[in-house]
Amino acid sequence: MDETLEIDTVVRHPKKNRKKKKKPITWRLIKNQNQLIWMSVPLMLYIILFAYVPVWGWTMAFQNYKPAKSFGEQEWVGLKQFRFLFTDDNFIRVLRNTLAMGLINLILGFVTAIVLALLLNEIKKVFWKRTVQTISYLPHFLSWIIVTGIVATSLSINDGIVNIVLMKLHLIKEPILWLSEGKYFWGIVGASHVWKEVGWNTIIYLAAIASIDPALYEAAEIDGANRYKKMMFVTLPGIKATIVILMIMSIGHVLEAGFEVQYLLGNGLVVDWAETIDIFVLKYGLAQGNYSLATAGGIFKTVVSVTLLLMANGISKRLGEERLL
Amino acid sequence: MMDNRQISPGPKAGYTVKRSLGTGRLEPILFTSFNTLFMVCLVVVTLYPFINTIAVSFNEGNDTIRGGIYLWPREWTFQNYRAIFATGTIFDAFLVSVARTVISTILNIFLTTMLAYTLSRREYVFRQPITVIFVLTMYFSAGLIPNYFLIKDLHLLNSFWVYIFPSMISAFNMIVIRTYIGTIPESLLESAKIDGAGDFRIFMRVVFPLCKPVLATIALFVAVGAWNSWFDAFIYTSSRQNLSTLQYELMKLLSSTMNSNGNPTVQNGVGMDQNSARAMVTPLSIRAAITVVASVPILLVYPFMQKYFVVGLNVGSVKE
């Protein structure tokens, strides 16, 4: 629900604001508004301290940072850290994992949420629809710690429910060591995301579906459209704007494929498939003390994320679709 | 809408007539049964792990290892719960979690709403720059290492306040609240002003109480976020056991009960600490018990949250 609110406020034509006349700032005005200033300026200083000041730390990426030395004594090395990153097999692998899991989560997340929303919409009994929804939201509110615990238990070879069900269905002969083989890892992460978030993600689509004009369905029926045709040609186009906006918002987050799931589910055997940029940063930075390299990795992630967001926004603008900025 | 319905048969009536005459009688039945089956599977897949965890948490530890616990405990016991609360570690972590959740939620709501109010005043001279400064924070982050150094320089490492200070205001929530404040009639604020109230007073006496519905929703989200977070405990306060949170304790237990294959280990008798490590308690059952303790508060507030996030759906359905 809060996401809808945000879209309303953020999707605004940027030119509208520019045309407004600005009042000159006078002492008198400031004196009149001193309460407003006291209520907001300290909070602004707070956010500058916690969100902007740390950006100064990005200088570490261009140095050979040693914690013992002061800023003036640090050795500047230019782009050496970045060059090292992109020739390092480790980092290339980490980047591949991050991108792959990010894309899997993105696509799987969108498809499952839209399909579930369409199917939920077909339940005519309000009571059942509510019940299913309520249950499907539940995992969203649990922490990843709890969810990964549940995933690990379900996939375990000792008595894990997934193996038991698959054996009972005679799909496999013996229990599979799901979490010890790299080839399953991306899929497990994707499925865990779906399990946790699919119900929650349908909220916004269901709200969008509910706001489609019923007359459109009526017209389609008169033209002889069946259930599937109505889904294809009325419902889906009706929620297209919502899909596009959410798509743009998520594309910026592709590199945020995650830290928690991979960190909590990963283990020595699947490390080649499980490590993401965030884990790389944590490992090199805090565990090994190579702050410069870790910061360079972090900067790379932020820059790519912002670029992707702007690109998605630009493409969408070109195509005449909704946009975020 | 109402007028429409009286003149012509509503869209609902249209549907039912068409459907029974529509594309054959079998198709709707097939679809409905497929859909029902699908929803039943969804519900089972979502709920089973919870029920299983609860069953394991009430089952006798060594008996669980034999396998076959699905929906109901075989050998009832409260031993697992007694064991986690006997050591005090988990109970302390529980208290820290409660404290951080309560304090952060109160501070977060108060400060975010106050900021949202000032940024909703069109006449405010610094409205534009301050809004931009906050909105930009939604799109970038300095990253783990620079943030770690900031916390270190502020002497917040190994302090309780590291759970509170870095996340006192969220730009996203600020925008949501600001939008809501925009729906309050201007005349109401105007009349308070004429009565001689300053901006702070207007905020405290008029705006804050009027924002209750949206604040309830946001408070619940902030609280769930604070309750569920563990990463700050992991990197900032891991050397102070008395500042550990419940989620972090669960995380430590999770990683210690996984062997290198990523499967839960099943050895006997490794309890929370040596004193309680009787043969009856196993890591697996302890983990289940802590998982239940960590999710109970969420399950308790869940029915209240429900009321708020379903509102959006109801608003849509009024149209039909």
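In table form, for the structure just shown:
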read-out: Count - residues of the stretch A:117-168 that are within 7 Å of chain B (Cβ to nearest Cβ), in contact (Cβ under 8 Å) with a residue 60 or more places away in the chain and over 24 Å from the mean Cα position of the chain (by Cα); value: 1
read-out: The stretch B:80-110: number of residues that are over 24 Å from the mean Cα position of the chain (by Cα) and within 22 Å of residue A:150 (Cβ to Cβ); value: 2
read-out: Criterion: assigned to a helix (DSSP H, G or I), among the hydrophobic types (A, V, I, L, M, F, W, C) and more than 7 Å from chain B (Cβ to nearest Cβ) - qualifying residue of A:206, A:246; value: A:246
read-out: Qualifying position, being part of a helix (DSSP H, G or I), away from chain A (no Cβ under 14 Å) and either in contact with a Lys or Arg (Cβ under 9 Å, 6 or more places away or on another chain) or at pLDDT below 95 (or both), among B:50, B:94; value: B:94
read-out: Of all residues in the stretch B:198-218 being of a type in the set (A, V, I, L, M) and modelled with pLDDT under 90, the one that is surrounded by the fewest Cβ atoms within 10 Å (Cβ to Cβ); value: B:216
read-out: Given (1) within 12 Å of another protein chain (Cβ to nearest Cβ); (2) of a type outside the set (A, V, I, L, M, F, W, C); (3) buried (at least 19 other Cβ atoms within 10 Å of the Cβ); (4) closer than 30 Å to residue A:309 by Cβ, number of the condition residue B:163 does not satisfy; value: (1)
read-out: Residue A:264 assigned to a helix (DSSP H, G or I), more than 27 Å from residue A:311 (Cα to Cα) and either within 8 Å of chain B (Cβ to nearest Cβ) or without any contact (Cβ under 8 Å) to a residue 40 or more places away in the chain (or both); value: yes
read-out: Check on residue B:64, part of a helix (DSSP H, G or I), more than 30 Å from residue B:238 (Cα to Cα) and of a type outside the set (Gly, Ala, Ser); value: yes
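The values are calculated or read from the model by the stated rules, or taken from the named source; none is laboratory data. Treat the numbers as computed from the prediction; the structure is a model and nothing was measured. Neighbour counts are summed over all protein chains in view; Cβ atoms, including those assigned to glycine, are modelled from backbone coordinates with ideal geometry.
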